[in-house]
Amino acid sequence: MLIGKIAPGGVRNSEITPRSVYLNRRHFMQGTAGAIALAALPASAATNERKKLEGVVKTNFEVSPDESLTKYDSVTGYNNFYEFGFDKDDPKANAGNLRTRPWTVKVDGHVAKPGTVDIDDLIKPHRLEERVYRHRCVEAWSMVVPWVGIPLKDIVERFEPTSSAKYVAFQTLLDPEQMPAQKRSSINWPYVEGLRIDEAVNPLTLMVVGLYGEVLPNQNGAPLRLVAPWKYGFKGIKSIVGIRFVEQLPPTTWNLLQPREYGFYANVNPKVDHPRWSQATERRIGEFRRRDTLMFNGYAEQVASLYAGMDLAENY
Amino acid sequence: MSSMRIPEFWLACVIKPSVFLASLLPLAWLAWGWSTDGLGANPIEATTRFLGDWALRFLLIALAVTPVRMLTAWNCLARFRRMLGLFAFAYAVLHLLSYIGLDQFFAWATIWAEIVKRTYITIGMLAVLCLIPLALTSTKGMVRRLGGKRWQKLHRLAYVAGVAGVIHFYMMVKADVREPLIYGAILTALFSIRLWNGRTRQVARPSVARKAKRA
């Protein structure tokens, strides 16, 4: 992986070897089997391979000792990523064809430095951190995932938001050819999400590019996804192509679909039930008995102050 | 279409046992899944959903017997109706037990609160409750004791259970409502065939009433 290794002399990545050629050459050098697989399945098979990320720094973001990491196969095989199908095993089965390079992210709105940035240029200036976070789905299951990413705060600051930037709105890729379930109209694609600006720059909020020390698998939202661990998983928008700084509260996909069930904030809260099920407990994937759900998913110390004085039953 | 003539021996000794064994296949698949860790990352949820799916499927299959007879005059199908209905009941009970025992681990206070509070669970419970008297009165003796007419009236609850089952499924789905809608469409079609047949042709009403009288 190129991440963490900045090309010397300010030479842009694009001026050196095209990434696809570079990757193909690596695969070729990995042996005949790889070469044969590549010949048979050009771009698609390559994207499903596991690639280690270099220069990842471990941080002290950890969970309690009685919580262990969720198995890699579960983290990457049990996903809600409706662009690739509505069942939990659909994303893994259908996301192989997503082309995550070249990939650009358009940053605009109330910022001093808007622009369309290549994903590698977006990542390159930053140190990659591994953070072990609890991941709580609104469907009352949860995981513990070693994400690799960059604090969103560091990225946000590069674009110099103005004082009018009260919210950050994110958008997923819209491409029904690559994301087959976007051909269905049950959701108004593309998927959109948003955070209040103070939530976005909270030290916990992470722009994720990997997990388990490896490049983020497509089914987990490659090449770039959001992780705000005190919120329900659906806030963690995947395969991001747009970041817009806005003044008004931005629309969010699940809220548009079922406003009574999914709010803008979507903070994990055992006391505020989903209308159709309790949020008091959760099933940790890989465990038999349910666990009690923690306020703000166990991150109250870091984020409770963001919501001081707010009625959380009202602002769910 | 003429009525199929299948020798009694085949019906009683080959076809019926085969249908019985085939109806156990989903359970075998589930047991295989548990023993090989093949039910995915969330086997408890997979089990509950799988059993619920099959409860609804068997209910629809059992409910299809009479309409199919009306359309085709394959009267021998009536021989399978009770068994299929009992399988629907069995899968529905297992579905409920999976929710109680595996999903909630016998947290009775929570379970009761959920049944009362969550409309989709309330409706699901209603479906199971509807099936209980049907299972209890499924024997020949009970048909006789109730009398055909009353037995038939009671067993219309199967349609209530079907409607409740489809609504229960529809309500628990987050966004992709295609599958519950398909079940709903099948149920509507089955009911329409009965109504249409009852109004226009008056042919081959289920013979339970007559059989009961003869018995």
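Rule-based calculations on the coordinates, nothing more; no lab input. Because the structure is predicted, anything quoted here is derived from the model rather than measured. Because the Cβ atoms are built from the backbone with ideal geometry, glycine has one as well, and the counts that use them run over all protein chains shown.
Kindly identify chain B as rounded, prolate or oblate by the Cα gyration tensor criterion: order the square roots of the eigenvalues as a ≥ b ≥ c, call it rounded if a/c is under 1.5, otherwise compare a/b with b/c, prolate if a/b is larger, else oblate. Cα axes put chain B in the prolate bin. Applying 1/(1 + (r/R0)^6) with r as the Cβ-Cβ distance of B:VAL177 and A:ASP175 and R0 = 25 angstrom yields a FRET efficiency of 0.55. For helix B:119-136, what angle does its Cα long axis make with the longest principal axis of chain B, in degrees from 0 to 90 and rounded to 10? Helix B:119-136 sits roughly 40 degrees off the main axis of chain B. Taking label positions 7 Å along the Cα-Cβ direction at both B:SER35 and B:ARG150, the computed distance is 4.6 nm, reported to one decimal. Loop-located chymotrypsin sites (Phe, Trp or Tyr not before Pro) in region B:85-159 (DSSP state other than H, G, I, E, B) with a sparse environment of at most 16 neighbouring Cβ atoms within 10 Å: B:PHE105, B:PHE106. Helical runs assigned H by DSSP (4 residues or longer) give chain B a calculated mean residue ellipticity at 222 nm of -24000 deg cm²/dmol, each run adding -39500 (n - 2.57) before division by the residue total.
Straight-line cross-link reach from B:LYS149 at under 16 Å between alpha-carbon atoms covers these lysines, not counting any fewer than eight positions away in the same chain: B:LYS140, B:LYS211, B:LYS213. From most to least packed by mean Cβ count within 10 Å, the peptides A:306-313, B:66-73, A:227-234, B:135-142 give A:227-234, B:66-73, B:135-142, A:306-313. Partner shielding of A:278-285 amounts to 3, given as the average count of beta-carbon atoms from other chains within 10 Å of each residue beta-carbon.
Provide a whole-number value for the mean count of partner chain Cβ atoms within 10 Å of the Cβ atoms in peptide B:172-179. Across B:172-179, the average partner-chain Cβ count within 10 Å equals 5. Shown is the FRET efficiency for B:PHE105 and A:ARG50, computed with R0 = 45 Å from the Cβ-Cβ distance and rounded to the nearest 0.05: 0.80.
In this label model, B:TRP74 and A:ALA112 are separated by 7.7 nm, measuring between points 7 Å along each Cα→Cβ vector. Beyond 22 Å, what share of the Cα-Cα pairs of region A:168-271 is found? Please give it as a whole percent. Tail of the P(r) past 22 Å holds 30 percent of the pairs.
In peptide B:107-116, what is the residue-averaged number of other protein chain Cβ atoms found within 10 Å of each Cβ? Intermediate results must be reported in sequence, preceding the final value.
Working: counts 3, 0, 0, 4, 0, 0, 2, 4, 0, 0.
That average works out to 1.
Say the dipole of the protein assembly as shown comes from +1 at the beta carbon of Lys and Arg and -1 at that of Asp and Glu; which of A:PHE61, A:LEU195, A:ALA93 then lies farthest toward its positive end? Among A:PHE61, A:LEU195, A:ALA93, the one farthest towards the positive end of the dipole of the protein assembly as shown is A:ALA93. Of the three principal axes defined by the Cα atoms of the protein assembly as shown, the extents in descending order read 98, 61, 46 Å. Classify region A:52-307: rounded, prolate or oblate, from the alpha-carbon gyration tensor (a ≥ b ≥ c, eigenvalue square roots; a/c under 1.5 rounded; otherwise prolate if a/b is larger than b/c)? Note, shape of region A:52-307 comes out rounded. Electrostatic tally near A:ARG196: other residues with Cβ closer than 15 Å to its Cβ, Lys and Arg +1, Asp and Glu -1, net +1. Under the simplified labelling scheme, the B:LEU11-A:VAL272 pair shows an inter-label distance of 6.2 nm, with each label point 7 Å from Cα along Cα→Cβ. Taking 31 Å as the limit for the C-alpha separation, the pairs A:LYS153/B:LYS117; A:LYS106/A:LYS183; A:LYS183/B:LYS117; A:LYS52/A:LYS231; A:LYS58/A:LYS238 exceed it in the case of A:LYS153/B:LYS117; A:LYS183/B:LYS117.
Based on the Cβ-Cβ distance of B:TRP196 and A:SER185, what FRET efficiency does E = 1/(1 + (r/R0)^6) give at R0 = 30 Å, to the nearest 0.05?
Values: r = 33 Å, r/R0 = 1.10.
After rounding to 0.05, the efficiency reads 0.35.
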